[in-house]
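To start, the structure itself, in structure tokens.
The values are calculated or read from the model by the stated rules, or taken from the named source; none is laboratory data. Treat the numbers as computed from the prediction; the structure is a model and nothing was measured. Methodologically, a virtual Cβ is constructed for each residue, glycine included, from the backbone with ideal geometry; neighbour enumeration extends over all protein chains shown. Accessible surface is based on the protein model in full, side chains and every heavy atom, while ligands, DNA and RNA are left aside. Shrake-Rupley method; radii C 1.70, N 1.55, O 1.52, S 1.80 Å.
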Amino acid sequence: MPDDDIHAFVPGPRAHIEGQQGGPLSGLTFAAKDLFDVAGHPTGGGNPDWARSNPVPTRHAWAVQRLLDSGATLIGKTITDEVSLGIVGENAFYGTPVNPRAPGRVPGGSSSGSAAAVAAGICDTALGTDTGGSVRVPASFCGLYGIRPTHGRLPVRGMMPQAPSSDTTGWFARDAGTFAKVASAMLDEPIPSALPSRLVIAVDAFAFADPEVGAALQPMVERLRAMVGETRAEVMAPAGIVQWARAQRTLQPSEAWLTFKDWIERDNPRFAYSVARNIFTGSQIPETERQWAQLVRHEARGRMRHLLAPGTILCLPTTPFPAPKRGEPLSVASAQRDRILCLCCHGGLTGVPQVSIPGATVDGLPVGLSIVGGPGTDATLVVAAAALAAG
């Protein structure tokens, strides 16, 4: 077992399961976020009371089984933000994994340990989940490739839920070749050679990010423009990114409350204050607010259909700034979280696939450029990311 000197893996004995010999991913290793069931090992969900309250699984989650069947070897389960309710990667019970690309900074969450393990070279790929940005944000902060697939495309069986109308399985890789191999296995389709033919630049998203981030990403945008050809600038969210984010921050917490309600009422589990606050907030959202948010979701999905006609991709900064410092006061961290979620809300709100691509830095800290496509165009995004890496 590789050493874990960055505190990426959950404490205790590490799971180790050999992949099927001769599969397309033979020779690769992977880790699984501690939201995925691994037979014979407790699913902790980043909270000690969750593991104590739920039986040890007897079968692997779909995503774990898929990678094992494809030949990859599991080397352990990784730390997550508590019950996946976090975006910066800090966990009050198990600690914060080190960001190998930005020491002293958070790794991003909630798939914090998975991103850190891949960035440190401990494993070749790792499973994460993405509801409100939990793969895309750590991919940006740790300088990795990361994907949020089309919502509903991949089974989430054996994956601890949070908000089912937004939950997805995702994964990370350090290089475009490994990322494409894993994507082909997970998506069960070959990665095509054809590139998209049109590019939309989301000008409101770039304006929302720090100016230094936009400047750092500009060379990647220019390479993407040259690669694709036809390009136009558009506002992604005419009603405002903040309005879209408010809708997602209404739907996601209210669903999370319903997910965890019975467990909370039965066992009165311990939570960090910020997590307890978010769950309580979700329990207090009135039906009128949820109905309004559903209307905004309907509007946002229509806007994405308009922008993402066949052959079209859209680009935007993955995060508005690089990884913040570890241990920021709660008031500072909450404001950072709100800005991060504004650039991630379209994923859970509309269900479109998104790939975060590394390649830019601000003061030496990684930031990612994201490309977004219409539902089902996951493989097209992967080939576009590989072409951008090539050059």
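Key figures for this structure:
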| item | result |
| --- | --- |
| Only listed residue being part of a helix (DSSP H, G or I) and of a type in the set (Ser, Thr, Tyr), chosen from Ser334, Ser370 | Ser334 |
| Matching entry among Arg232, Arg225, Arg249 (being over 20 Å from the mean Cα position of the chain (by Cα) and farther than 19 Å from Ile357 by Cβ) | Arg232 |
| Those residues of the range 38-59 which are in contact (Cβ under 8 Å) with a residue 12 or more places away in the chain, open to solvent by 40 Å² or more (accessible area, probe 1.4 Å) and part of a loop (DSSP other than H, G, I, E, B), in sequence order | Gly40, Pro42, Asn54, Val56, Thr58, Arg59 |
| Residue in the range 78-96 that is in contact with a strand residue (DSSP E or B) (Cβ under 6 Å, 6 or more places away or on another chain) and either β-branched (Val, Ile, Thr) or farther than 30 Å from Pro322 by Cα (or both) present | yes |
| Pick from the range 110-132, criterion part of a loop (DSSP other than H, G, I, E, B) and in contact with a strand residue (DSSP E or B) (Cβ under 8 Å, 6 or more places away or on another chain), ranking: farthest from Asp175 (Cα to Cα) | Thr131 |
| Residue match in the range 14-22 (condition: open to solvent by less than 50 Å² (accessible area, probe 1.4 Å), within 30 Å of Asp267 (Cβ to Cβ) and assigned to a loop (DSSP other than H, G, I, E, B)) | yes |
| Residues located in the range 267-310, provided they are among the aromatic types (Phe, Trp, Tyr) and surrounded by fewer than 13 Cβ atoms within 10 Å (Cβ to Cβ) | Tyr273 |
| Boolean, Ser356 is of a type in the set (Ser, Thr, Tyr) and outside any strand (DSSP E or B) | no |
| Pairs, first polar (S, T, N, Q) in the range 370-391, second part of a helix (DSSP H, G or I), C-beta under 7 Å, six or more apart | Ser370/Arg136 |
| All positions within the range 372-391 that are within 16 Å of Ala173 (Cα to Cα), in contact with a strand residue (DSSP E or B) (Cβ under 8 Å, 6 or more places away or on another chain) and among the β-branched types (Val, Ile, Thr) | Val382 |
| Options Asp124, Asp81: the member that is of a type outside the set (Gly, Ala, Ser), surrounded by 23 or more Cβ atoms within 10 Å (Cβ to Cβ) and farther than 27 Å from Pro329 by Cβ | Asp124 |
| Pairs where the first residue, in the range 251-270, is in contact (Cβ under 8 Å) with a residue 60 or more places away in the chain and within 16 Å of Arg290 (Cα to Cα) and the second is among the small types (Gly, Ala, Ser) and surrounded by fewer than 20 Cβ atoms within 10 Å (Cβ to Cβ), C-beta under 7 Å, 6+ apart | Leu251/Ser165; Glu255/Ser165 |
| Criterion: farther than 26 Å from Pro329 by Cβ, crowded, with 21+ Cβ neighbours inside 10 Å and of a type in the set (Val, Ile, Thr) - qualifying residue of Ile313, Ile264 | Ile313 |
| Which listed residue, of Ala63, Ala32, is small (Gly, Ala, Ser), at pLDDT 95 or above and more than 15 Å from Gly12 (Cβ to Cβ) | Ala63 |
| Any pair with Cβ under 6 angstrom, 6 or more apart, that starts in the range 151-170 at a residue that is of a type in the set (Gly, Ala, Ser) and ends at one that is part of a loop (DSSP other than H, G, I, E, B) and open to solvent by less than 20 Å² (accessible area, probe 1.4 Å) | Gly158/Ala61; Ala163/Thr131; Ser166/Thr131; Gly170/Val135 |
| Residue within the range 373-389 that is under 12 Å from Thr319 (Cα atoms), open to solvent by less than 10 Å² (accessible area, probe 1.4 Å) and either in contact with a helix residue (DSSP H, G or I) (Cβ under 6 Å, 6 or more places away or on another chain) or of a type in the set (S, T, N, Q) (or both) present | no |
| Residue that is farther than 19 Å from Leu25 by Cα, crowded, with 24+ Cβ neighbours inside 10 Å and out of contact with any His (no Cβ under 7 Å at 6 or more places or on another chain), where the choices are Ser165, Ser112 | Ser112 |
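Residue by residue, here is whether (1) open to solvent by less than 40 Å² (accessible area, probe 1.4 Å); (2) under 28 Å from Pro286 (Cβ atoms); (3) among the hydrophobic types (A, V, I, L, M, F, W, C) holds:
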position: Ala207; (1), (2), (3): no, no, yes
position: Asp210; (1), (2), (3): no, no, no
position: Gln218; (1), (2), (3): no, no, no
position: Glu222; (1), (2), (3): no, no, no
position: Ala233; (1), (2), (3): no, no, yes
position: Ala237; (1), (2), (3): yes, yes, yes
position: Trp244; (1), (2), (3): yes, yes, yes
position: Arg249; (1), (2), (3): no, yes, no
position: Pro253; (1), (2), (3): yes, yes, no
